[in-house]
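Asks: What follows is a structure written as structure tokens; I'll ask about it next.
Every read-out reported here was derived from the displayed coordinates using simple, explicitly stated rules and does not represent laboratory data. Here the structure is a predicted model, which means the values were calculated and not measured. Cβ: placed from backbone, ideal geometry, glycine included. Neighbour counts: every protein chain shown.
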Amino acid sequence: MFDRFAAAIARATGSAWAFALALAVVVVWFAVGLLRGFSDTHQLVINTGTTIVTFLMVFLIQATQNRDQAEMLCELRELVRAVPEADERVIPAEAD
């Protein structure tokens with residue numbers, strides 16, 4: 001279940017819409033800062049938000065990279081086995 005969730009979030013956050021949304025949040029934050037002054041609380045809002053998002057994205061990115069690597073290793077094993085002259089010793093140990 002987590003893999004499906006992570007894949008969906010990775011696709012969504014890697015889209016142009018996600019970038020546009022993040023840019024819009026920063027622009028709105030900056031505009032509010034110009035109008036009300038960049039107080040400590042105002043800066044804390046963006047710092048806390050970006051820290052939380054970054055913290056969660058690290059784990060999400062790692063999960064999707066692990067899944068992608070496992071899939072690639074499976075495909076590599078299949079390709080090596082399909083070629084009669086191939087040396088199966090080139091298959092990484094992690095593939096098992």
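One line per residue, one yes/no per condition, for (1) in contact (Cβ under 8 Å) with a residue 40 or more places away in the chain; (2) among the charged types (D, E, K, R); (3) loosely packed, with under 10 Cβ neighbours inside 10 Å:
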residue: A7; (1), (2), (3): yes, no, no
residue: A22; (1), (2), (3): no, no, no
residue: V27; (1), (2), (3): no, no, no
residue: V53; (1), (2), (3): no, no, no
residue: R89; (1), (2), (3): no, yes, yes
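Asks: Listed residues L76, L44; which is of a type outside the set (S, T, Y) and surrounded by 11 or more Cβ atoms within 10 Å (Cβ to Cβ)?
Replies: Within the list L76, L44, the selection yields L76.
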